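Colleague: Pasting a structure here, questions to come.
The values are calculated or read from the model by the stated rules, or taken from the named source; none is laboratory data. Values in this document were obtained by computation on a predicted structure and should not be read as measured data. Cβ atoms come from the backbone with ideal geometry, glycine included; neighbour counts cover every protein chain shown.
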């Protein structure tokens with residue numbers, strides 16, 4: 001397991017100050033909005049002060065310009081608030097230019113509001129209650145006991161009768177989890193060698209009990225792929241507590257337990273964040289969500305998965321209305337859209353309210369730029385609990401669906417069982433999206449989401465239950481590469497034209513030897529080599545000095561009696 005140490009830029013620019021007061025009497029919570037970021041010691045010309053190299057690279061790759069909301073909150077403003085009296089900082093948001101604070105002295109808010117740099121303050125009520133399954137079961141944002149449909153002994157034994165699927169390239173034996181992976185053809189990407197390597201997924205959830213000790217995550221921890229942890233509720237780095245909901249969610253992406261469960265991105269890197277307070281339901285959790293999304297952005301996350309959602313709260317005056325499901329009103333939805341504007345693919349659960357009085361999507365599922373995921377069963381049929389669209393302003397929601405009913409998940413006692421909820425369909429999709437994006441690093445988050453939607457089963461006829469339907473990542477990859485992958489050999493040549501190296505991704509149906517040759521325009525052979533291929537994806541690189549000049553060259557690939565020739569250009 002990795003130590004939870006952060007890069008130096010976090011130490012200087014993202015030191016989260018939490019000093020929770022253990023005082024008698026009532027604690028008051030406030031959101032403080034600032035007027036500006038004037039006279040900031042941070043500068044857009046020096047982004048390394050507040051963004052990691054990976055975050056800067058993501059912006060550069062997608063031609064995203066730095067904006068004022070990238071700048072941290074003015075430290076002088078923050079210090080003035082914290083020095084005003086008995087005040088503790090809970091979380092901060094540079095995107096919203098706001099902080100949340102707690103105090104046992106409500107009279108201090110008058111002083112705070114008098115500061116010229118304070119735009120306004122909002123008091124948020126928070127009522128702590130005892131842990132109650134009845135309370136937690138009211139919506140999908142919590143650790144739903146009924147989400148985990150504990151299998152009977154016969155059901156568990158039935159796992160052994162489900163044919164497992166072994167893939168020679170990826171080496172994965174999916175066991176009972178094969179259906180949820182294969183339904184969207186994520187195993188096709190694995191078979192091509194795209195398993196999430198190098199991709200960074202931030203998981204925003206309620207807790208990850210036992211994730212650090214489970215056999216399903218042994219490879220994840222042993223290879224140091226947990227990049228960071230953060231608890232935005234308690235103000236520390238401890239996330240392997242509070243709830244098992246995040247553990248189950250993580251297993252659909254990151255688990256690697258042969259013959260039982262393999263996630264959709266088993267080789268990706270992950271950050272684990274707690275934003276959800278399981279003992280209460282207040283709008284402050286949306287602010288936690290935005291703070292975590294900012295942390296993910298600054299650390300260079302490619303994808304955010306959030307199996308959380310908000311509609312009603314302990315304080316009914318904070319409740320959302322359906323009219324607010326317009327993608328631009330709620331705090332977490334605003335944060336999701338900003339995260340997307342920074343180049344992150346934001347994947348969120350639609351919600352589990354399909355059978356209830358509030359049957360619509362919640363927050364941040366309504367966000368304009370979020371990829372909102374509904375649920376289907378193992379037979380690709382709409383799951384009745386999955387929250388319905390459209391958004392209040394008439395957009396298609398959910399965007400797409402994955403298996404969220406009868407989903408195979410790993411449990412904290414190193415066993416597997418079934419669970420149901422869009423809490424699971426969302427990470428299944430997020431993991432597959434990571435593998436797909438890995439295959440197309442030059443694409444933007446918006447382009448990746450567009451490929452996913454267009455590959456879905458009812459793209460030309462979306463509805464309010466399943467949106468554009470169930471994506472097909474094989475189809476998406478074929479659209480991306482302009483190649484059709486069948487049961488026969490196929491290959492992709494890229495980039496073409498090229499400057500330094502030319503790559504040939506050759507998908508072989510079995511082990512074989514092929515010959516490759518390069519000819520100049522006169523027909524003179526300037527390169528010849530033989531390659532021994534393994535079954536599955538083989539990546540072959542050709543150096544620029546193997547081709548002649550700037551004129552077109554002919555690349556010939558010969559497989560037995562079959563010969564294919566393509567024009568390639570070196571710039």
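Colleague: Which of the residues spanning region 208-225 are over 20 Å from the mean Cα position of the chain (by Cα) and assigned to a helix (DSSP H, G or I)?
Modeller: Result: 215, 218, 222.
Colleague: Exactly one condition in (1) under 32 Å from the mean Cα position of the chain (by Cα); (2) within 17 Å of residue 193 (Cβ to Cβ); (3) touching a residue at least 24 places away in the same chain (Cβ under 8 Å) is not met by residue 490; state its number.
Modeller: All conditions are met except number (3).
Colleague: Then there's this: How many residues are farther than 16 Å from residue 231 by Cβ, touching a helix residue (DSSP H, G or I) at 6+ places or on another chain (Cβ under 6 Å) and not in a helix (DSSP H, G or I) when one looks only at region 267-307?
Modeller: So the answer is 7.
Colleague: Which of the residues that make up region 36-48 are surrounded by 14 or more Cβ atoms within 10 Å (Cβ to Cβ) and in a loop (DSSP other than H, G, I, E, B)?
Modeller: 37, 40, 42, 44
Colleague: Taking the criterion of being under 28 Å from residue 408 (Cα atoms) and surrounded by fewer than 24 Cβ atoms within 10 Å (Cβ to Cβ), would at least one residue in region 322-345 satisfy it?
Modeller: Checked region 322-345: no residue is under 28 Å from residue 408 (Cα atoms) and surrounded by fewer than 24 Cβ atoms within 10 Å (Cβ to Cβ).
Colleague: Here's something else I'd like to know. Taking residue 456, is it part of a helix (DSSP H, G or I) and either at pLDDT 95 or above or surrounded by fewer than 22 Cβ atoms within 10 Å (Cβ to Cβ) (or both)?
Modeller: No, not satisfied.
Colleague: What single numbered condition from (1) in contact with a helix residue (DSSP H, G or I) (Cβ under 7 Å, 6 or more places away or on another chain); (2) closer than 15 Å to residue 296 by Cβ; (3) not in a loop (DSSP other than H, G, I, E, B) fails to hold for residue 51?
Modeller: All conditions pass for residue 51, except number (3).
Colleague: Next question, about the same structure. Tally up the residues in region 226-256 that are in contact (Cβ under 8 Å) with a residue 24 or more places away in the chain and outside any helix (DSSP H, G or I), please.
Modeller: The number of residues fulfilling the criteria is 20.
Colleague: When region 90-107 is examined, which residues are found to be modelled with pLDDT of 95 or more and either in contact with a helix residue (DSSP H, G or I) (Cβ under 6 Å, 6 or more places away or on another chain) or in a loop (DSSP other than H, G, I, E, B) (or both)?
Modeller: Selection gives 91, 93, 94, 95, 96, 97, 100.
Colleague: Just to be sure before I move on: is residue 386 surrounded by fewer than 24 Cβ atoms within 10 Å (Cβ to Cβ) and not in a helix (DSSP H, G or I) in the structure I sent?
Modeller: So residue 386 fails the test.
Colleague: Okay, moving on. Would region 286-307 turn up any residue that is farther than 25 Å from residue 195 by Cα and at pLDDT below 95?
Modeller: no
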